[in-house]
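Have a look at the structure below, then the notes.
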Amino acid sequence: MTQASSRISGFHKLAISERIEKTLEFAGISEPSVAEHFQNTGNLPADLADRLIENAVGTMNIPLGIATNLRIDGRDYLIPMATEESSVVAAVCNAARQCYDAGGFTTSMSSTCMIAQIQLVDIPDPENCRIAILERLDEIRDICNACDPVLVEHGGGFRDLEVRVLRAGGRAMVITHLIVDTRDAMGANAVNTMAETLAPHIAKWTGGRVYLRILSNLADRRLARARCVWRSEDIGGTEVRDGIIAAYEFAATDPYRAATHNKGIMNGVTAVVMATGNDTRAVEAGAHAYAARNGHYGSLTHWEVTASGDLAGSIEMPMAVGLIGGATKLHPTARACLEIMGVENAAHLARLIAAVGLAQNFSALKALATVGVQKGHMSLHSQNIALMAGAVGDEIGIVAERLVELGTVRVDIAEQELKKLRSGQ
């Protein structure tokens, strides 16, 4: 059998239907239903999908759910979450319900500033160059702000300058940080443009050579914070409270535990970031880098016992999200999700996401400290397994219930139970 070639000249110029045809031909797939499936782009118009990604052949629809019970800064919210993991939305709902009567979540934001980095190399006197760059503060401000007058009109723009000397591989490099308030934009395009515009000036002023000119996703000038108190009597008593504290201390100490601990937080965070059309990869990268900022990878959350014996949780993490540009502005579902939340600005959205992350962590820690994480997860996951086994309609719920009763959520067991159900057993 001759191997098909992946070198397809002008693939990006083809219509979506032609790309689908070429792709399925390459893969040896001839069933018409597969082509029809790709052509159905759901609630995202095909022409818009073609503009949001290169070589589009379809869309990958992800379930969108609503987290309820959230009271944040004295106001009630419904929070859209886009995720394929069955227990995520339920976990947020449960956590929020258990702190609702105690006042819910309180949130804040450090600023909406992003960092752009400019790397300068081939310099014999790095400390001298560092000072020379800092002396140009006013000139640098003018150059940067001229790159985006609209941002400046909206209250954003250049805010501050940092210059560091790093040594690696036996040579020094000077790293210039541009601190830029990007307001309601995530800010990547704005700060990257400023860095690229400023770079030749830095090379001229120092006699060095500029390499990288790009933003940092460790957005530690853009920290979203949330805190909450769960009353001991609302969560099952002091034994549950102390179990949550013990689970947190494990994560704070051990990076192997912290990796899964923080992944659980990001289950909630990423779901809201995705639902609003923001950059999930940027937020994930910033979160994990921030968790390791002190040279040890630890927890993004902190848990303590209050003077009255209740459980206090808090979270602080970079949250580079925006309301302007990209899918956030173009995707109809993202726009609808922002409207459901009543989001006023980028900082508001970031604060809501932080509250969801804290709620997610509470539910995970409580499950681990009590019944174990599998019980609740598998109860929801059993429906997916029933579907995989071929169940349809009312069969799905019946087979799922039988799997939970058996305590074994596996496809082979689901197939057996489905066979029994259909035979009247």
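Considering the stretch 24-43, the residues that are touching a helix residue (DSSP H, G or I) at 6+ places or on another chain (Cβ under 7 Å) and of a type outside the set (Gly, Ala, Ser) include one that is farthest from Ala4 (Cα to Cα), namely Asn43.
Residue-wise test of (1) among the acidic types (Asp, Glu); (2) crowded, with 19+ Cβ neighbours inside 10 Å.
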| position | (1), (2) |
| --- | --- |
| Gly326 | no, no |
| Lys329 | no, no |
| Ala336 | no, no |
| Ala347 | no, yes |
| Leu352 | no, yes |
| Leu368 | no, yes |
| Met388 | no, no |
| Glu415 | yes, no |
| Lys420 | no, no |
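The criterion of at least 3 residues that are surrounded by fewer than 14 Cβ atoms within 10 Å (Cβ to Cβ) is met, among helices (runs of 4 or more DSSP H) falling completely within the stretch 1-55, by 16-27, 32-39. Selection of helices (runs of 4 or more DSSP H) fully inside the stretch 181-276 by the criterion of at least 1 residues being surrounded by fewer than 24 Cβ atoms within 10 Å (Cβ to Cβ) and assigned by TED's automatic domain parsing to the domain that holds Gln117 returns 188-206. Scanning the stretch 298-320 for any residue that is over 24 Å from Ala188 (Cα atoms), hydroxyl-bearing (Ser, Thr, Tyr), touching a helix residue (DSSP H, G or I) at 6+ places or on another chain (Cβ under 6 Å) and touching a residue at least 40 places away in the same chain (Cβ under 8 Å) turns up at least one such residue.
When Ala400, Ala359, Ala364 are checked against the criterion of being in a helix (DSSP H, G or I), in contact with a Cys (Cβ under 9 Å, 6 or more places away or on another chain) and not basic (Lys, Arg), a single residue qualifies: Ala359. Of these, Ala355, Ala327, Ala346, which one is among the hydrophobic types (A, V, I, L, M, F, W, C) and touching a helix residue (DSSP H, G or I) at 6+ places or on another chain (Cβ under 7 Å)? Every option except Ala327 fails the conditions.
Would you say Ser86 is within 28 Å of the chain's Cα centre (by Cα) and part of a loop (DSSP other than H, G, I, E, B)? Yes. In the stretch 279-294, the residues that are free of Cβ contacts under 8 Å to residues at least 12 places away in the same chain form Cβ pairs under 6 Å with partners that are part of a helix (DSSP H, G or I), at six or more places apart or across chains, as follows: Thr280/Thr270; Thr280/Val273; Thr280/Met274. Restricting the search to the stretch 30-44, which residues are closer than 23 Å to Ile62 by Cβ and without any contact (Cβ under 8 Å) to a residue 12 or more places away in the chain? Scanning the stretch 30-44 gives Ser33, Val34, Glu36. Screening Ile143, Ile133, Ile115, Ile62 for residues that are over 30 Å from Ile175 (Cα atoms) and touching a residue at least 40 places away in the same chain (Cβ under 8 Å) leaves exactly one candidate, Ile62. Quick check: is even one residue across the stretch 10-20 of a type in the set (Gly, Ala, Ser), within 30 Å of Thr328 (Cβ to Cβ) and in contact (Cβ under 8 Å) with a residue 40 or more places away in the chain? Looking for residues that are of a type in the set (Gly, Ala, Ser), within 30 Å of Thr328 (Cβ to Cβ) and in contact (Cβ under 8 Å) with a residue 40 or more places away in the chain, one finds none in the stretch 10-20, hence no.
The values are calculated or read from the model by the stated rules, or taken from the named source; none is laboratory data. Keep in mind that what you see is a predicted model, and the values were worked out from it rather than measured. We place every Cβ from the backbone using ideal geometry, glycine too, and count neighbours over all the protein chains shown.
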